[in-house]
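First up is the structure itself, then whatever we jot down about it.
The values are calculated or read from the model by the stated rules, or taken from the named source; none is laboratory data. Being a predicted model, the structure only gives us computed values, none of them experimental. A quick note on method: Cβ atoms are made from the backbone with ideal geometry, for glycine too, and the neighbour counts reach across all protein chains shown. Only protein heavy atoms, including side chains, enter the accessible area calculation; ligands, DNA and RNA are left aside. Shrake-Rupley method; radii C 1.70, N 1.55, O 1.52, S 1.80 Å.
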Amino acid sequence: MDLTFTDEENAFRQEVRDFFRENLPKEISDAVKNGGELTKEHMERYHAILNEKGWLASTWPEEYGGPGWTPVQRHIFDEESCRAYAPRIVPFGLNMLGPVLQKFGTQEQKDYYLPRILNGDDWWCQGDSEPGAGSDLASLKTRAVRDGDHYVINGQKTWTKLGQHADWIFCLCRTDPDVKQQEGISFILVDLKTPGIEMRPIKLIEGGHEVNEVFFTDVRVPVENLVGKENQGWTIAKYLLTHERTGIAGVGASMQSLEEVKALARKTMRSGKPLIEDPLFAARIAQVEVDLEAMKITNLRMLFKAQKQGAPGAETSILKIKGTVINQELKDLARRALGPSAAPFPGHITDGNLALAPASEANNAARYFNNRKTSIFGGSNEIQRNILSKAVLEL
Ligand SMILES: Cc1cc2nc3c(=O)[nH]c(=O)nc-3n(C[C@H](O)[C@H](O)[C@H](O)COP(=O)(O)OP(=O)(O)OC[C@H]3O[C@@H](n4cnc5c(N)ncnc54)[C@H](O)[C@@H]3O)c2cc1C
């Protein structure tokens, strides 16, 4: 595989770089740089800017409004968007439900929902996990019982990311309790305005409101909101999860974090010398940089494979594991380089004389704590290792 970028690819990189310089509002890039919570308005504005350019649904085929990029172009876009401190795309509609509808949806579902995802008319969230069903997702208990032209849903979902902004949730529900667990699940689209739904916030360790619990009591959903066939939900969920995991490697974000860590280590003095000259610290930076280079190549290799096969394979678990381990190591190095300036929750005490560091540095402890999530969500790293051992190594 030739890893040198062609002239066309380099020209594309320049086009993306220019685009971000000219179109990304400073207010949004500052919010990303400072590591605070992005508002719904920030995220919707960013999506609209990309959509106007035709770059929003980077993984969709052209027939549905995708830009028709090669894997290398997607990789370049990811690198450049992180370099410009652009937000990550909110993935639920674009990278999860979109591919699912394109493969399993009816023509009516495609015609109705796909343009609405692109135009930002509907904000989607993901209703997979439940209090007793995370790693063991197939044991989920939320019930959908057929009643004439409707399903009646009862149960609870949890860890529903950004559900507080959402209009719709795609849910895995049990439609047949009498068969093998995996064979009695369906994939159903639920309008969050339907009576009987309650959303409650969960606070994360750094104090942010990112996830929620969702309670369903006798929620009536039209049967046309079923995606695929009844009891085909597990197949759909597995397809969705491989898409979820491809983006999860976060190569561009880690490249940006690596540059930040190096800059911090150059300017931070320890024992009269820049921290970057400390052999132990320098060795950790070197190790994570080597790992990141290897992951970049693995990521490209898998993007090529996904383009040929139409969907990424179980190997995306490698990206999930390596991507999150690298990202967490970089957040740890930044926190250690900053020392007291990265004290827990300084974002809460930066007014007046209590300011400890510029906003871009003061949120580092919060970012470190928040990023513990990455080795848990999208299927924990232990579960990814189980998948690799079975599906790839055939152990
Ligand atoms: C910030 C955040 C956002 C999330 N967003 C969403 C969302 O939007 N929608 C959604 O549906 N879900 C979401 N999740 C849920 C996420 O997918 C689950 O947390 C994850 O699948 C783990 O499930 P669990 O939390 O129930 O942990 P458990 O499954 O209870 O696991 C607990 C621990 O045991 C380990 N473990 C469990 N089983 C095994 C095994 N067989 N072998 C080895 N180790 C094992 C796990 O790795 C973990 O360390 C989110 C989670 C977080 C933290």
(message) For region 139-157, give me the residue count where each residue is more than 21 Å from the chain's Cα centre (by Cα), within 12 Å of the ligand (Cβ to nearest atom) and buried (at least 16 other Cβ atoms within 10 Å of the Cβ).
(response) 3
(request) Tally the residues that are within 16 Å of the ligand (Cβ to nearest atom) and open to solvent by 40 Å² or more (accessible area, probe 1.4 Å), restricting the search to region 107-138. (result) 5
(request) Determine the pairs where a residue that is under 24 Å from residue 131 (Cβ atoms), located within region 371-395, has a partner that is within 8 Å of the ligand (Cβ to nearest atom) and open to solvent by 50 Å² or more (accessible area, probe 1.4 Å) with Cβ atoms under 8 Å apart, the partner being 6 or more residues away or on another chain. (result) 377/159; 377/161; 379/135; 380/135; 382/135; 383/135
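Rundown of residues vs (1) within 13 Å of the ligand (Cβ to nearest atom); (2) open to solvent by 30 Å² or more (accessible area, probe 1.4 Å), yes/no style:
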| residue | (1), (2) |
| --- | --- |
| 159 | yes, yes |
| 166 | yes, no |
| 174 | no, no |
| 207 | no, yes |
| 219 | no, no |
| 243 | no, yes |
| 260 | no, yes |
(request) Go through the residues of region 68-89 one by one and say whether even a single one is surrounded by 22 or more Cβ atoms within 10 Å (Cβ to Cβ), of a type outside the set (Phe, Trp, Tyr) and within 16 Å of the ligand (Cβ to nearest atom). (result) no
